[in-house]
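For reference, the structure discussed in these notes is given below.
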Amino acid sequence: MAIRPVTVPRRIAIRPCNIEMSYFVTGTDTGVGKTLVSCALLHIFASQGKNVVGMKPVAAGCDNDERNEDVVQLRASGNVLASKGQINPYCFVQAVAPHLAAQFVGINISLPRIIKSFTELNAQADVVVVEGAGGFLVPLNSWQDSADMVGQLELPVILVVGMRLGCINHALLTVEVIAARGLTLAGWVANVLDASLPMLNENIATLRQRIRAPLLGVIPYQERPDAIEAATHLNLTLLEQLEAHD
Ligand SMILES: Nc1ncnc2c1ncn2[C@@H]1O[C@H](COP(=O)(O)OP(=O)(O)OP(=O)(O)O)[C@@H](O)[C@H]1O
Ligand SMILES: [Mg+2]
């Protein structure tokens, strides 16, 4: 396996949110609520009268009809008609790390193909919400990872912190690597996965103290998770407060 060259992409500029903007949603791990938050973001932007579409560049864990639950939910939350191939360029049956799922079927995940699909979606929509696979440093092929993809897509990142034991370390590691790759963290969401997590408020306060980007909201534990309900806990005006910078 080739060693990944250490490259630091240029820091991407971030515009205020009243100008239409797309986002990349990452998480502290797999299964922490990225799809729930991505769909909630799509609902909010759609309620503002925007044309919105979700994208899942790489999905690992599809049935034999190439049906993936994340893609189904993202499609249902958007209001722009787009093809399945544009929304989800890569879909693998095996629910394993994307580069391994691809390797298993003899495919190499290609960033240019993902960027082409994103560009097509971006041309049709005001806002594209792109959901990552797993966590931020998930490999996509033998030498590129999800952070490389975000750099090439030039998207600001929204981090979903799955509030459970261990999340402080996972969140701070992710925040550090976003900065180390020259990318912009637009905001983060505290998504409560463990209804009985001791010291929830203290955990959130600790993260607020250490993460410079705004906390966009705290989504409580939901017995029946619902993106529209989750959206009521998010305040995206905090994204508008970001100043343009190089
Ligand atoms: N606030 C919450 N309360 C209760 N359950 C939640 C909450 N957020 C997410 N879940 C549940 O946790 C599971 C994982 O959520 P979700 O699919 O959104 O995570 P993900 O990060 O997108 O996962 P993946 O890495 O597979 O894409 C789902 O069953 C979802 O319904
Ligand atoms: Mg998901």
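Say whether the condition of being closer than 17 Å to LEU216 by Cβ and crowded, with 16+ Cβ neighbours inside 10 Å is met by at least one residue in the stretch 147-155. Yes, the stretch 147-155 contains a residue that is closer than 17 Å to LEU216 by Cβ and crowded, with 16+ Cβ neighbours inside 10 Å. Restricting the stretch 197-246 to residues that are among the small types (Gly, Ala, Ser) and at pLDDT 95 or above leaves a set whose member that is farthest from VAL157 (Cα to Cα) is ALA205.
For the stretch 50-83, the set of residues classified as closer than 22 Å to GLY187 by Cα and either more than 13 Å from ligand 2 (Cβ to nearest atom) or of a type in the set (S, T, N, Q) (or both) consists of LYS50, ASN51, VAL52, VAL53, SER77, GLY78, listed by residue number.
Checking each residue in the stretch 60-96 for being aliphatic (A, V, I, L, M) and surrounded by fewer than 18 Cβ atoms within 10 Å (Cβ to Cβ) picks out VAL72, ALA76, LEU81, VAL93, ALA95, VAL96.
Residues that are in a helix (DSSP H, G or I) and either acidic (Asp, Glu) or within 12 Å of ligand 1 (Cβ to nearest atom) (or both) within the stretch 128-152 comprise SER146, ASP148, listed in sequence order. Taking (1) more than 15 Å from ligand 1 (Cβ to nearest atom); (2) out of contact with any helix residue (DSSP H, G or I) (no Cβ under 7 Å at 6 or more places or on another chain) in turn, ARG164 satisfies each apart from (1).
The values are calculated or read from the model by the stated rules, or taken from the named source; none is laboratory data. Everything numeric here is computed off the predicted structure, so don't read it as measured data. As a convention, Cβ positions derive from the backbone with ideal geometry for all residues, glycine included, and neighbour counts pool all protein chains shown.
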